[in-house]
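Data block below; observations after.
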Amino acid sequence: MWKKNHKRSINDAVSKNITLVLENLLKNYENSQLPTHGKGYPTVVQTNILIRSMGPVSELDMDYSMDCYFRQYWRDTRLSFLGPIRSLSLSIKMLERIWRPDTYFYNGKHSYVHTITVPNKLLRISQHGDILYSMRLTIKAKCPMELRNFPMDRQSCPLILGSYAYSNQQLVYQWQNSQSVNFVPGMTLSQFDLISFPYRNFTFTRREGDFSVLQVSFNLKRHTGYFLIQVYVPCILIVVLSWVSFWIHREATSDRVGLGITTVLTLSTISLDSRTDLPKVRYATALDWFLLMSFFYCIATLLEFAGVHYFTKVGSGEIVIDDSEWEELIEEVGGDAFAARQLAARRRSSSRSVTNFTSPSQGNCASDADGLPPPPEQTSVRLTMERTTQTERRVPRWRQLLYCLAGDDRYRRQRQLEAGKRGHINSVSHIDKAARILFPASFALLNLFYWMIYALSSDDFAWSDNPMNTLSH
């Protein structure tokens, strides 16, 4: 009992002593004056940060957030004392009665102190007047981003802090030591790798004067795995799918057009989804260029089939009938269009058969000594030679290409008539044959250049001469 009473009396004495010390310290204390007021040199505030978590980093709003312990140290000799206790841990209510730096974040957007269950603040005073002021903050700060290389980009997100009212002649900020910015072990970001976090002190000139400012830059490198899986690989597969139309028969018009439109619409959906989380910047990102390239190939596939259909789809079984002939056929069959076309087909086939077995004087066909027609084998050979050596006006290929690009209806009509006379169908277009090689080869070459330009290029991080200019945009 004697020991307990003695210990209790000591605690009561210490408590009374602390109360007396605080009352004496704050008796003539002026909390509106800096600790070095009138001494001719500025007050030095040392700072360090322990970051507990970081993220998300938003490209749409161009900002980032983090949860950290923000600590400030300074010396106020007016609060020095003598006693058996080396340091005092005080209530945060004492903050209202002593001077403290008016620190604020230059690029802060929405920051707050955690208040659950009580305000997360700590105040500690040593015998020599050294003050530790710590608080738990969630900081949401502006991060100007350059998205030209998105999603293979690197970003540098700064955090800039300083005094709001005191110039560098009155208040100077310094990082406490070489380990002033630290992270909780195991901290990771979802979309980025933290490459480095350099920090420095510099002076910022405002209209009111020169101010001491601290800066730390979080240099981040984006993960590309998500975009490879969700955007790049699907786009490549869709482009490859559009090339299937080169192997589809050109008579299957609906199949080829439907395949081309489906690939274009699918790419449109992917493009819209990939742009939802990006701001409307005035330049094209690396992802935009890849999507545009994929669009180009899908639309070029449709245009290629349009050229095949318009330029080479002749002699495909369609019967070329003049208006006057069509009216006569309609009258003969009693107005049935299908029956009229069948009648025209039978007449054309019969006329070709008669032409194939004409007399020697008309078709230059050789006959035997008895004037009889040649054997069937000779007839088939001769007819094949006649078809391959049929006298028709040959047009150079370069002129054919010009006719195709110009959409010459007269030349198209002529090709249709010549195909109807030949009586055979060219089932595979030369344009399709060339496209089967040109499209994949050119797409692979462009992809090679694309990944060499964006994936292998890396920009070095450098300090900006005046980071406030980038933060003002």
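Close amide H pairs (under 5 Å, H built 1.01 Å from N) link LYS109 with LYS140, ALA141, LYS142, residues at least 5 positions away or on another chain. Subtracting the Cα-Cα distance of ARG148 and LEU456 from 0.36 nm times their residue separation leaves 109.4 nm of extension gain. Peptides 148-161, 113-126, ordered by how many other C-beta atoms sit within 10 Å of their residues on average, highest first, read 148-161, 113-126.
For the range 163-284, relative contact order (Cα pairs under 8 Å, six or more residues apart, normalised by length) works out to 20 percent.
With R₀ fixed at 22 Å, the C-beta to C-beta distance from SER89 to THR115 puts the FRET efficiency at about 0.70. Karplus-derived 3J(HN,Hα) values for the range 130-142, using 6.51 cos²θ - 1.76 cosθ + 1.60 with θ = phi - 60°, are 6, 10, 10, 10, 10, 8, 9, 10, 10, 10, 10, 10, 6 Hz; glycine and proline are entered as x.
Phi angles of the range 59-74 translate, via the Karplus equation with coefficients 6.51, -1.76, 1.60 and θ = phi - 60°, into HN-Hα couplings of 6, 5, 8, 6, 8, 8, 9, 7, 10, 8, 9, 10, 10, 10, 10, 7 Hz per residue; Gly and Pro are given as x. For the pair the range 178-224 / the range 87-147, the C-alpha centres are spaced 18 Å from each other. Here r is the Cβ-Cβ distance between ARG399 and VAL240 and R0 is 25 Å; the resulting FRET efficiency, rounded to 0.05, is 0.15. The apolar share of the surface of the range 21-134, taken as the fraction of accessible area on carbon and sulfur atoms (1.4 Å probe, ligands and nucleic acids excluded), comes to 51 percent. Relative protection proxy for 39-51, 130-142, from highest mean packing down: 130-142, 39-51 (other beta-carbon atoms within 10 angstrom).
The residues of the range 82-219 have, on average, 51 Å² of accessible surface per residue, using a 1.4 Å probe with all protein chains present. With the highest mean first, a sort of the peptides 237-243, 83-89 on other beta-carbon atoms found within 10 angstrom per residue produces 237-243, 83-89. Taking a point 7 Å out from the Cα of VAL184 in the direction of its Cβ, the residues of the range 77-112 whose backbone N falls within less than 20 Å of it are 111-112. Full extension of the chain segment joining LYS39 with ASP409 gains 123.6 nm, where the gain is 0.36 nm per residue of separation less the Cα-Cα distance. Round to a whole number: what % of the accessible area of the range 181-294 belongs to carbon and sulfur, probe 1.4 Å? Here it works out to 61 percent.
Estimated at 0.36 nm per residue, the fully extended path between LEU265 and LEU278 surpasses their Cα-Cα distance by 2.6 nm.
The values are calculated or read from the model by the stated rules, or taken from the named source; none is laboratory data. Bear in mind the structure is a predicted one, so any value in this text is a computation, not a measurement. Positions of Cβ are generated from backbone atoms using ideal geometry, with glycine treated the same way; all protein chains shown enter the neighbour counts. Accessible surface areas use protein heavy atoms only, side chains included; no ligands, DNA or RNA. Shrake-Rupley method; radii C 1.70, N 1.55, O 1.52, S 1.80 Å.
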